[in-house]
Each structure stands twice: as structure tokens, then as C-alpha cells.
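Novice: Starting off with a structure, shown below.
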Amino acid sequence: MPAIVDKAAKRAEIVRHAADVFSRFGYNATKMQDIANAADIGKGTIYEYVRTKEELFLAVYDAWMSAYETLIRERVAACTDPLAKVDAIRDSAVEFYTSRAEQAPLLLEFWAHALRTDNPAFLERITRTRTFLRDLGSKLTRELVAAGWFTDVDARSFADLETGISDGIFLAWVLEGRTFPLQKAFTFRQSVIGLGLLSGDARALLNERLSDKLKRGI
């Protein structure tokens with residue numbers, strides 16, 4: 001009796017191998033046969049799951065972002081205090097990036113490809129994650145204001161700024177060969193922004209702790 005193939009598991013395995021190959025050779029230089037060889041399957045098997053190399057490339061990005069979003073949701077859901085949620089989001093980002101450190105440049109290639117291709121699915125997927133982060137950041141900012149930690153601030157603008165700064169730190173980390181500790185960089189950013197937005201009472205409570213982090217730097 002032939003073995004029953006778990007289609008979802010098999011597709012996930014192909015996507016995992018594709019991520020490794022794309023990371024080594026880049027999107028343009030990668031051939032579907034390279035991915036088939038890495039997965040130890042026939043090239044035709046890949047086409048049972050995706051129609052094109054570009055679709056497989058998108059599947060890698062989608063798998064990564066879905067895992068990232070799930071990690072953040074689970075960590076944030078386990079917190080009841082807004083400050084703990086801030087730490088949970090920061091730690092999730094650091095964990096996500098560092099766990100894919102060897103493949104980190106591939107994220108930059110996804111972004112570049114999204115701007116070049118006439119396939120709107122790439123920008124749509126990028127927008128979905130950015131919307132998720134913006135909505136979560138806006139909600140958390142409002143919670144921090146309501147709890148008296150932050151002075152009143154436009155939550156949407158602050159969430160957009162935070163996302164941009166995080167992207168910039170990640171980009172610098174990749175371009176500089178991961179020569180600085182990502183956790184410390186994200187914590188430093190959090191301290192700088194925190195001191196700028198803290199309410200009077202919160203500043204008196206946290207000023208010494210955050211100031212010490214600023215002095216120690218990255």
C-alpha cells in the first residue's frame with residue numbers, strides 16, 4: 001500500500017530547502033533543479049506544489065512572516081502589562097532575526113524583488129506584515145498612554161516610526177556583517193525612545209534604569 005503523503009508537510013519541507021538554496025545563490029542564480037537536489041526530490045515534484053520559481057520564492061517569505069507574526073501574537077498574548085508586551089515584541093524580533101542570521105540577506109532580496117517584479121503578491125504580503133505590526137504597535141501605544149507610562153502621542157505615527165527604526169537596525173546589522181549584538185541594539189533603541197515619551201511620573205520611576213542603558217550603549 002503506497003505511503004500517504006502529508007501535502008502540507010511536504011510543501012513546508014520544499015520551502016525550507018528553497019530558503020537554504022536561495023540564501024546561498026540568490027534568487028536569480030537559483031535553479032529549480034538546485035532546490036530539487038537539496039530536497040532530494042525530482043524537479044517535477046516541486047511543480048506539484050508551486051507553479052514557478054517566483055511563487056516558491058514568495059512561499060519562503062510568506063512562511064517566514066507567518067512564523068514571525070505567530071511568535072509575536074503568542075508572546076504578546078501571554079502578557080498582561082503593556083511594558084511586558086513591549087519587551088515581548090522586541091525579543092520576538094531579535095529571536096526571529098538571529099535564528100535566520102545566515103539567511104538574513106535574503107530578507108533584503110525579498111524587499112528588492114517586491115519593488116522590481118510586476119507580481120503584486122510580493123508587495124501585498126509585505127504590506128500584510130507591516131499592517132499587522134502597525135496595528136499592534138498603535139494598540140500598544142494607546143495602552144501605554146492610557147496606563148500613564150507615555151505622554152499623549154499619535155499612536156499611528158509612532159508605530160510607523162518604530163517599524164522603520166527596527167528595519168533600519170536590521171539593515172545595518174546585515175550590512176555590517178552582524179558585528180554588533182542585535183539584542184543590545186534593540187534595547188538601546190527602546191531606551192532612547194522610552195525616555196523621550198515617558199510621562200512625568202513614569203520618567204521619575206524609570207529614568208535611572210533607562211539612563212544606565214543609554215550610558216552602556218550597544
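The values are calculated or read from the model by the stated rules, or taken from the named source; none is laboratory data. All of these numbers come straight from a predicted model, not from anything done at the bench. In this analysis, Cβ positions are derived from the backbone assuming ideal geometry, glycine residues included, and neighbour counts consider all displayed protein chains.
Novice: Of these, 62, 34, which one is more than 30 Å from residue 139 (Cα to Cα), in contact with a Lys or Arg (Cβ under 9 Å, 6 or more places away or on another chain), touching a residue at least 12 places away in the same chain (Cβ under 8 Å) and not in a loop (DSSP other than H, G, I, E, B)?
Specialist: 34
Novice: Being aliphatic (A, V, I, L, M) and more than 19 Å from residue 105 (Cα to Cα): is that true of residue 58 here?
Specialist: no
Novice: If residue 66 meets every condition in (1) over 21 Å from residue 105 (Cβ atoms); (2) exposed (fewer than 15 other Cβ atoms within 10 Å of the Cβ) apart from one, which number is that one?
Specialist: Status for residue 66: all satisfied but (1).
Novice: Can we say residue 146 is free of Cβ contacts under 8 Å to residues at least 60 places away in the same chain and either touching a Cys at 6+ places or on another chain (Cβ under 7 Å) or closer than 30 Å to residue 201 by Cβ (or both)?
Specialist: Yes, satisfied.
Novice: While we're here: Going through 125, 189, 203, 142 one at a time, which residue ends up being modelled with pLDDT of 95 or more, over 30 Å from residue 55 (Cβ atoms) and of a type in the set (D, E, K, R)?
Specialist: 142
Novice: Here are 8, 19: which of them is farther than 18 Å from residue 109 by Cβ and either touching a residue at least 12 places away in the same chain (Cβ under 8 Å) or assigned to a helix (DSSP H, G or I) (or both)?
Specialist: None of the other options fit; the residue is 8.
Novice: Which count do you get for residues in segment 37-49 that are under 26 Å from the mean Cα position of the chain (by Cα) and part of a loop (DSSP other than H, G, I, E, B)?
Specialist: Summing the residues that are under 26 Å from the mean Cα position of the chain (by Cα) and part of a loop (DSSP other than H, G, I, E, B) in segment 37-49 gives 1.
Novice: Just for helices (runs of 4 or more DSSP H) wholly inside segment 131-218: which have at least 3 residues that are within 18 Å of the chain's Cα centre (by Cα) and buried (at least 18 other Cβ atoms within 10 Å of the Cβ)?
Specialist: 155-175, 182-197
Novice: Considering 107, 58, which residue is surrounded by 15 or more Cβ atoms within 10 Å (Cβ to Cβ) and within 19 Å of residue 173 (Cβ to Cβ)?
Specialist: Unique residue meeting the criteria: 107.
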